[in-house]
Amino acid sequence: MYATARSRKGAGQMKKVIGWIVLILVIFYIGTNPGPAADIAQGIGHGLADAFRNIGVFLRNLAS
């Protein structure tokens, strides 16, 4: 039982380390390539806006 608790704690620590590494790499990418990073962010923003717009259309059609 003790070994399972230790492995869970180790897995949680590994997730934190991987999360920090990913965050550092993203910041590095944005710092070294701001143009393409801005294009990616803009594409994500447009995708989210389209998703919410489509949900609004669905709900409006559902109500009528």
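The values are calculated or read from the model by the stated rules, or taken from the named source; none is laboratory data. None of these values were measured; they are calculated from a predicted model. The accessibility values were calculated without ligands, DNA or RNA, using every heavy atom of the protein model including side chains. Shrake-Rupley method; radii C 1.70, N 1.55, O 1.52, S 1.80 Å.
Here are some notes:
- Average accessible surface area per residue within the chain, 1.4 Å rolling probe, Å²: 90
- Percent accessible area from carbon and sulfur atoms, the chain, protein chains only, probe 1.4 Å: 72
- Rh (Kirkwood; distinct C-alpha pairs) - the chain, Å: 15.6
- Against the chain, whose longest principal axis is taken from its Cα atoms, helix 2-32 shows a tilt of about 50°.
- Relative to the dominant Cα principal axis of the chain, helix 34-63 is inclined by about 60°.
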